[in-house]
Structure formats: structure tokens, C-alpha cells
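Take a look at the structure set out below.
Values quoted throughout were computed directly from the atomic coordinates according to the rules given, and no laboratory measurement underlies them. These numbers were taken from a predicted model, which means no experiment stands behind them. For neighbour counting, all protein chains shown are included, and Cβ atoms are generated from backbone atoms with ideal geometry for every residue, glycine included.
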Amino acid sequence: MSKPALFSVRKHEPCPTCGAALVIRSGKHGPFLGCSNYPECDYVRPLKNPSDGHIVKVLAGQHCPVCQAEMVLRQGRYGMFISCSRYPECAHTETIDRPDETSISCPQCQKGHLVQRRSRFGKTFHACNRYPDCQFAVNFTPKEGTCAFCHFPLLIEKKTAHGLKLFCASKACGKPVNAGNSSE
């Protein structure tokens, strides 16, 4: 496909400001529609529909603890969330799904425990609930046990070609641990 065909607008949509043709342009936030008479006319419109943060449902009877406005359920870029109906003027938001807590204590700080979290890319990982004071995190499922080689107090479960295997959670060690000697 030719490059001009990629950047043409179907139906030759006119600019609502000056009547010239709209063309697809690219910027630092991605492609957008802009007037072909730029810089004389500076009309721009996003290509994707502005569905980020739209209201799905009004939660009657629940009020914002900050400004006392009604709370609403919204669909955002990273999933559903609850916010104030005056969002973004009132920045109070709540997550719907709380992180899964485990009974495994943090091996780095010995005070917190590991909770399941989700990265901005959708990957699941486990981290200490005392973040930012403790920045311990593992990308695999943590399991209770002690490494037989370095005596690190946490193991992780990885999927290998031979099935699920336990490994030391220490980045310095990382050796496979047999299920028979996983704890002392």
C-alpha cells in the first residue's frame, strides 16, 4: 500500500473551521486528524474516540469522601475504576479489585508481606506491601521455602519445558531447588 493512501482520510472530510481537506498527521501522542491548511488553520481532532474515563454507571448512595459528590463507575485505559463524578477536578479515585495478599512475609525487610500487583503493561508480579520503603518484587509466583544453596527464605515457581519447577528467588543465586529439600 502506498504512503499517500495510508495518510488520506476516507470520504475527503472537510475541515469544520476553513473547509479544506482533513489529513492524518502523526504527533508524539500518536496519529490525529489535522487541517491541510496548517499553519493558517490549526484545527485538530483525535482519531480514536475519547472513551478514556467515560462513565459506565452512577453509584447512587455513595458519596466522595473529599467533596461529597456522587461516586461513579468509569471505564479507563487500564480497566474499570471508581471515581468522583467531578473527576478530574476532584482527583479521588478507588480501585475495584484489591491486590491479592499472600501470607508470605517479605524476605528483604522482614516486616511486610507480598501482595499481587499488576504492571501498567498488564503483567502480574508480587511485591512487598511496604512499597516505597521496601522495593522487593518478583515476577513469578512466590512459594514458601528456603534455598538449599544460599539459604534465601523465598522460592519462586517457574513454568519450564519440564513442568513447574521451584527456583531460588534471590537474583544472585537463582538455582533450581528440588521439592524434597525446599525447606529446612
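Each principal axis of region 108-176 carries a Cα extent, and these read 33, 28, 18 Å when sorted largest first. Karplus-derived 3J(HN,Hα) values for region 34-47, using 6.51 cos²θ - 1.76 cosθ + 1.60 with θ = phi - 60°, are x, 6, 6, 8, 5, x, 5, 10, 10, 6, 9, 8, x, 6 Hz; glycine and proline are entered as x. Per-residue Cβ neighbour counts within 10 Å put Thr93, Thr17 in the sequence Thr17, Thr93, beginning with the fewest.
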